[in-house]
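Working notes for the structure below.
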Amino acid sequence: MKRIALFLLTNVAVVVVLGIVASLLGVNRYLTANGLNLGALLGFAFVMGFGGAIISLLMSKPIAKMSMGVQIINAPRNADEAWIVETVRGFADKAGIQMPEVGIYQGEPNAFATGAFKNSALVAVSTGLLQGMTREEVEAVIGHEVAHVANGDMVTMALIQGVMNTFVVFLSRVIGYAVDSFLRRNDENSSGPGIGYMITTIVLDIVLGFLAAIIVAWFSRQREFRADAGAARLMGRKQPMINALHRLGGMRPGEMPQSLQAMGITGNIGKLFSSHPPIEERVAALQSAQGL
């Protein structure tokens, strides 16, 4: 319930902020007496699309800490925590990024990286991952997450999501206006958007949103292959990452909020909406990769 409440509050905050921004910029006045103002609509769609993605990106790290109960390791309390911190530090140095925050959280096997910028990221691993894997396998998983950070994947996915959001908002309202105009073509006294516009816009926001999610998920899956290869490069060999993937394939992945799944090491398998490719495809890609 805590995670659900946090995300609901975040969504409300994003809507309020975007509404204020749209009002201040005047980009929410795209329906005029003369018809649809495409320029104003495009501005509105851009603010709503990229604004939502950017705000979510900026809030990703604090949300992750709160919703997953991440305990930041400021001063290692034991040898295991010291090893995790030094492993992240070593990979960060190799990848040419600043040291991320390092955290640990209670849960089944999983790990994730998040944060708005590659030089102020968070890498967190679960207790289940530490208990269920060898140190070499955990090291490979940490390398995978550091590779996500070094590749700038959080920003990349936010930009892709922003583009998709913009198209969804723009197209749904253009089509909604066209449908509404057709339905009220013989009504000379009509003014303002009618029921056809509102219903069509709502339906298309949902339908186009699903299509956009499929596209974003495809990009996410390609990014996972890159992060697997990045972990192999950071470790100097690919077998530890292959072993870690085999191990994860036999584990039950820890459940994560949807907004963090794209940064995790595991995910739903073999679906259009999956943020991660099937484990067997990731293993095959690593085994066939040249120069690793």
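No value in this document is a laboratory result; all are computed from the given coordinates. What you see is a predicted model, and the numbers here were worked out from it, not measured in a lab. All Cβ positions, even for glycine, are placed from backbone atoms using ideal geometry, and neighbour counts span all protein chains on display.
Can you return the aspartates and glutamates within cross-link range of residue 271? Criterion is Cα-Cα under 19 Å, with same-chain partners fewer than 8 residues away left out.
Counting by Cα, and skipping residues close in sequence, residue 271 has these aspartates and glutamates nearby: 224, 255, 280, 281.
Translational diffusion coefficient, Stokes-Einstein: compute it for the range 164-247 using the Kirkwood radius over C-alpha pairs as Rh, at 4 °C and 1.567 mPa s, and state it as an integer in µm² s⁻¹. Walk me through the numbers on the way to the answer.
Working: Rh = 16.2 Å.
D = 80 µm²/s.
Tabulate in residue order the Karplus-calculated ³J(HN,Hα) for the range 66-77, using 6.51 cos²θ - 1.76 cosθ + 1.60 with θ = phi - 60°, rounded to whole Hz; enter x for Gly and Pro.
Karplus values, whole Hz, x for Gly and Pro: 6, 6, 9, x, 6, 9, 6, 8, 7, 9, x, 9.
One-quarter of the Cα convex hull surface for the range 156-207, in nm²?
Values: hull surface 14.6 nm².
Taking a quarter of the hull surface, the average projection is 3.7 nm².
Would you please report the Å³ per residue occupied by the convex hull of the alpha carbon atoms in the range 19-164?
Numbers: hull volume 18.5 nm³, N = 146.
Convex hull of Cα atoms, per residue: 127 Å³.
Given a Förster distance of 35 angstrom, what is the FRET efficiency for residue 207 paired with residue 284, based on the Cβ-Cβ distance and rounded to 0.05?
Values: r = 34 Å, r/R0 = 0.97.
With R0 = 35 Å, the Cβ-Cβ based efficiency is 0.55.
Run the simple label-point estimate for residue 159 and residue 78 please: 7 Å along Cα→C-beta, distance reported in nm.
A separation of 4.2 nm, rounded to one decimal place.
Give me the net charge of residue 243's neighbourhood, meaning all other residues with Cβ under 13 Å from the Cβ of residue 243; Lys, Arg count +1, Asp, Glu -1. Mind showing how you got there, number by number?
Details: positive: 135, 237, 238, 247, 282; negative: 136, 137, 139, 228.
Summing Lys/Arg as +1 and Asp/Glu as -1 gives +1.
Expressed in nm to one decimal, what extension gain is obtained for the pair residue 239 and residue 38 from 0.36 nm per residue of sequence separation less their Cα-Cα distance?
Numbers: separation 201, 0.36 × 201 = 72.36 nm, distance 5.37 nm.
Result: 67.0 nm gained on full extension.
Among the DSSP beta bridges whose two residues both lie in the range 45-128, what percent are antiparallel, rounded to the nearest 5? Spell out each step's value before the answer.
Values: 6 of 11 bridges.
Just about 55 percent of them are antiparallel.
For a quick check: with amide H placed at 1.01 Å from N, whose amide H comes under 5 Å from residue 73's, ignoring anything fewer than 5 positions away on the same chain?
Amide H neighbours of residue 73, under 5 Å, 5+ apart: 102, 103, 104.
Taking loop as defined by DSSP and a crowding limit of 15 other beta carbons within 10 Å, which trypsin sites (Lys or Arg not before Pro) in the range 139-216 fit? Show your work: numbers first, answer last.
On the way: sites: 173, 184, 185; in loops: 184, 185.
Filter output for the range 139-216: 185.
Rg and Dmax of the range 49-99 over Cα atoms: what are they, in angstrom?
That works out to 14.6, 45 Å for Rg and Dmax.
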